[in-house]
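Since the structure comes first, as structure tokens, the remarks are kept for the end.
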Amino acid sequence: MNTHSISHPPAKGHGAKQQQALQDPNWVRWSLIAIALGFITLFICLPLGLVIYQALSKGIEAYWTALTQADTLAAIRLTLLVAIVTVPLNTLFGITAAWAITRFEFKGKSFLTTLIDLPFSVSPVISGFIFVLLFGAEGWFGKLLATYDIKIIFSAPGIILATLFVTFPFVARQLIPLMQEMGHQEEEAALSLGASGWKTFYSVTLPNIKWALLYGVLLCNARAMGEFGAVSVVSGHIRGLTNTLPLNVEVNYNDYDVVGAFASASILAGLAIVTLVLKTLLEWKQTSR
Amino acid sequence: MSHKSVMPGFRPTIGLTVLYLGLVVLIPLSTLVFESFKLSWDDYVHIITSKRVLSSFQVSFFAALIAAAVASVFGFITAWVLVRYSFFGKNIFHALIDLPFALPTAVAGIVLATIFQPSGFLGRLLNEFFGLQIAFKPIGIVIALIFISIPFVVRTVEPVLLEFESAMEEAGASLGATRLQVFTKIIFPNISPALLTGFALAFARGVGEYGSVIFIAGNIPYVSEIVPLLIVIKLEQYDIQGATAIALTMLVISFLLLLIINLLQFWVRKRSGQL
């Protein structure tokens, strides 16, 4: 993306005046760049830098001690567990949903597509609350679960369910527009040459969608590891047991343990940076395709 | 059902999709609706019109509105700069726009609270020079929501600006328009549906936002208490009915906003000739 290119030079004579109407004057250009850079520096670069500064404010040793605390390690384990369960499930769902929606015509298709996006417009707190209504002590299945001594709310299964809900649309919404645009001639060709459905998917569809699929998985994973509101409602904040990393950040912060809070935050900020780098790389891959 | 396609796998994929959607999304969401049937209309009205609930709605809406407006102005400038100019470090700058999407909200929350608290880096400066306190006030909520709103505006405006036909600008220029006229009469009217969509997306997200807000807000009832926090508070007090009534109202508002956003996006596509 260079400066906006003009396809053909205007005719000579009134050229200069026309040129002026097509380009921003230099002072406008530089002030806009300054405003944009200032705004992004203030709202994005400064917060990012502060995470690292605060985490290391009492030295590397204090940072390391905070990171290797039993509670922090338990939070890391739980966060990984949640991601390992939810990301593959939602990836599988994303692929199936995209296949059904883009490869067939049926009634209610656009309605189904809207329903898939639904979790994005629900407040995170409500996303957790609905699972409390279902599985909490006073919830619909509360008594049933109590008789069999199964815990969902204030325990890992509840956290996994809430995360599943919140990250539900990510993969599907990356794949649907791409597969729609691709059309299905290539797949039909493979099928008519005698390839099986699975074979067609692996050798024809998958190579075409792999970057978009990875992109969706990446965003899904970032949200699964970083979700706060929904998880906070169902977790119960039990140290070392039901705290994910984002909840560990909150608990430490509220206890005035600044280094502890920012040590956990630094892992999540690192995850965000890795996500952004991979995302940029995948965008380049996709546009160069 | 008319699926005369040679494609295999309609039944298993649609079956799995509907089943999974039902189990993970629709059944859980419907509990909120069914739970609210336990409330009589009078109970519902009584809960929703209580002073604390009404103030929380006021706080959430005003904060989200102001934040979305501020983010729209600066987001538009940022998108403009990214699409039209080239400068050193543009690629990094471009990638950083999505940070609010990637950074967990709790992290954003404690970072913003630390920066703007009275002893914090910016909090101290603002206090000394302008006597302005941001953290633990409603304006703190606005700051957190601006952070969340940025990528919504930039990422909605950017593609439309990128695809904008320079021929239209050239036509205006050759008819003798000044740069300002080209911008106000040709470029801006064509970009404004996308800008409005970005604004609506940011607003919808802002109303429901929780993690990034609660640390900086101070959470004073009637002053800086947002709706999602009030739901959590009711839940912690085992006031399921209160939480249900507020949550249902929020949900209905979110769906109305979703409807408006879909209509806006339809309008954008129609204007840019994709339909």
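Remarks
- Set A:V125, A:V171: member being buried (at least 24 other Cβ atoms within 10 Å of the Cβ), more than 8 Å from chain B (Cβ to nearest Cβ) and not charged (D, E, K, R): A:V171
- When residues of the range B:1-19 are limited to those that are within 16 Å of A:G108 (Cβ to Cβ) and hydroxyl-bearing (S, T, Y), the one modelled with the lowest pLDDT: B:S2
- Complete set of residues in the range B:94-127 that are without any contact (Cβ under 8 Å) to a residue 40 or more places away in the chain and among the charged types (D, E, K, R): B:R124
- Tally of residues being β-branched (V, I, T), in a helix (DSSP H, G or I), touching a residue at least 40 places away in the same chain (Cβ under 8 Å) and crowded, with 21+ Cβ neighbours inside 10 Å across the range A:218-264: 3
- Selection status of A:L50, within 28 Å of the chain's Cα centre (by Cα) and buried (at least 20 other Cβ atoms within 10 Å of the Cβ): yes
- Scan of the range B:249-275 for residues that are within 30 Å of A:G139 (Cα to Cα) and more than 9 Å from every other protein chain (Cβ to nearest Cβ), ordered by number: B:T249, B:V252, B:I253, B:L256
- Filter pass, B:E165 being within 13 Å of the chain's Cα centre (by Cα) and acidic (D, E): no
- For the range B:174-199, taking the residues that are buried (at least 23 other Cβ atoms within 10 Å of the Cβ) and among the small types (G, A, S), the one that is modelled with the lowest pLDDT is identified as B:A194.
- The residues listed here are B:A171, B:A167; of these, the one that is farther than 30 Å from A:F120 by Cα, at the interface with chain A (Cβ under 8 Å from one of its Cβ atoms), among the hydrophobic types (A, V, I, L, M, F, W, C) and surrounded by fewer than 18 Cβ atoms within 10 Å (Cβ to Cβ) is B:A167.
- Any hit, the range A:105-117, residues being under 27 Å from the mean Cα position of the chain (by Cα), of a type in the set (F, W, Y) and modelled with pLDDT under 95: yes
- Residue-level check: of (1) crowded, with 19+ Cβ neighbours inside 10 Å; (2) farther than 30 Å from A:G136 by Cα; (3) more than 9 Å from chain B (Cβ to nearest Cβ), A:A189 misses just (1).
- Of the residues making up the range A:128-149, none is more than 8 Å from every other protein chain (Cβ to nearest Cβ), among the polar types (S, T, N, Q) and within 30 Å of B:V227 (Cα to Cα).
- Here A:L92 passes the criteria (1) under 19 Å from the mean Cα position of the chain (by Cα); (2) within 19 Å of A:N252 (Cβ to Cβ) except the one numbered (2).
- Flag if A:F154 is at positive phi, part of a loop (DSSP other than H, G, I, E, B) and either more than 21 Å from the chain's Cα centre (by Cα) or facing chain B (nearest Cβ under 8 Å) (or both): yes
- Matching residues in the range B:174-199 - criterion: being within 8 Å of chain A (Cβ to nearest Cβ) and either in a helix (DSSP H, G or I) or closer than 30 Å to B:L145 by Cβ (or both): B:S174, B:R179, B:Q181, B:V182
- Residue list for the range A:275-289, filter: surrounded by 14 or more Cβ atoms within 10 Å (Cβ to Cβ) and either among the β-branched types (V, I, T) or more than 20 Å from the chain's Cα centre (by Cα) (or both): A:T275, A:T280
The values are calculated or read from the model by the stated rules, or taken from the named source; none is laboratory data. Quick caveat, the model's predicted, so the values are computed rather than measured. Note: ideal-geometry Cβ built from the backbone for every residue, glycine included; neighbour counts use all protein chains shown.
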